[in-house]
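K.L.:
Before I ask anything, here is the structure I am working with.
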Amino acid sequence: MTSQAYLDTIKAKTGLGPDDFLAAAAAKGLLGPDVKTARIVAWLKEDYGLGTGHAMALVSALGQVPGQRLPVEEKVAAQFSGAKAHWRETFDTLLALARQFGEVSLAPTNTYISLLKGTKKFAIVQVTAGRLDLGLKLPGVAGADVLEASGSWNSMVTHRLRLADPAELTPEVLDWLHRAYDAA
């Protein structure tokens, strides 16, 4: 789900748009760099009955997520800073190969990068110094050698592939990625 889709759902549920929430947050003293995201999310859940994803979309729209106003490429680059820099080439290769399936856009957060087919998320990439994790949306698919259930790692996807070496970006991994793309 894209940020705009979340905002549209919130508007349908509450009758309020981002500007309305901005005014309400200001009235409650919930704007500014010292206000923790968790506090705003708790307010939106309690006062408006929103779920975490919807609340985070609003927090982002209110400009309260650090770095959220950065261009997509800057957000992506930030994912590969420092000890994670060696994974950038692998990510770029993965993205180029995914774009052979069709149109793919990116929606980076502060902790991972979503891969979208149109408005539908089909995969996420999260990088650490030692690993590139590829999360895939493959509902109803049983695991295989490299494919494991995502479990509590990330609820936005059903499966996870842990790549500890760039050489592990194999045709089998790309086949799973293609299946997730086609399922979106």
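The values are calculated or read from the model by the stated rules, or taken from the named source; none is laboratory data. In this text the structure is predicted, and so the values were computed from the model without any measurement. Note: ideal-geometry Cβ built from the backbone for every residue, glycine included; neighbour counts use all protein chains shown. Just the protein is used for accessible areas: all its heavy atoms, side chains included, with ligands, DNA and RNA removed. Shrake-Rupley method; radii C 1.70, N 1.55, O 1.52, S 1.80 Å.
K.L.:
Could we say that TRP176 is open to solvent by less than 30 Å² (accessible area, probe 1.4 Å), among the aromatic types (Phe, Trp, Tyr) and not in a strand (DSSP E or B) here?
P.N.:
Answer is yes for this residue.
K.L.:
Going by the structure shown, is ASN110 within 16 Å of the chain's Cα centre (by Cα), touching a residue at least 40 places away in the same chain (Cβ under 8 Å) and open to solvent by 50 Å² or more (accessible area, probe 1.4 Å)?
P.N.:
Yes; evaluated as a whole, the condition is true for this residue.
K.L.:
If you go through region 27-43, how many residues are in a helix (DSSP H, G or I), of a type outside the set (Lys, Arg) and open to solvent by 60 Å² or more (accessible area, probe 1.4 Å)? Steps first, answer last, please.
P.N.:
Filtering region 27-43 down to residues in a helix (DSSP H, G or I) leaves 27, 37-43.
Going one step further and asking which of them are of a type outside the set (Lys, Arg), we end up with 27, 37-38, 40-43.
Those left that are additionally open to solvent by 60 Å² or more (accessible area, probe 1.4 Å): 27, 38.
The number of residues fulfilling the criteria is 2.
K.L.:
Report, by residue number, each residue of region 135-171 that is more than 16 Å from the chain's Cα centre (by Cα), over 19 Å from TRP87 (Cα atoms) and either among the aromatic types (Phe, Trp, Tyr) or outside any loop (DSSP other than H, G, I, E, B) (or both).
P.N.:
Residues satisfying the conditions are GLU148, ALA149.
K.L.:
Among the residues of region 157-182, write down those that are in contact (Cβ under 8 Å) with a residue 24 or more places away in the chain and more than 22 Å from ASP92 (Cα to Cα).
P.N.:
The answer is none; no residue qualifies.
K.L.:
Being modelled with pLDDT of 85 or more and open to solvent by 40 Å² or more (accessible area, probe 1.4 Å) is the filter here; which residues of region 44-68 pass it?
P.N.:
LYS45, GLU46, ASP47, TYR48, GLY49, THR52, HIS54, MET56
K.L.:
Right, another one. All but one of (1) surrounded by 14 or more Cβ atoms within 10 Å (Cβ to Cβ); (2) in contact (Cβ under 8 Å) with a residue 40 or more places away in the chain; (3) under 24 Å from LEU134 (Cβ atoms) hold for THR9; which doesn't?
P.N.:
(3)
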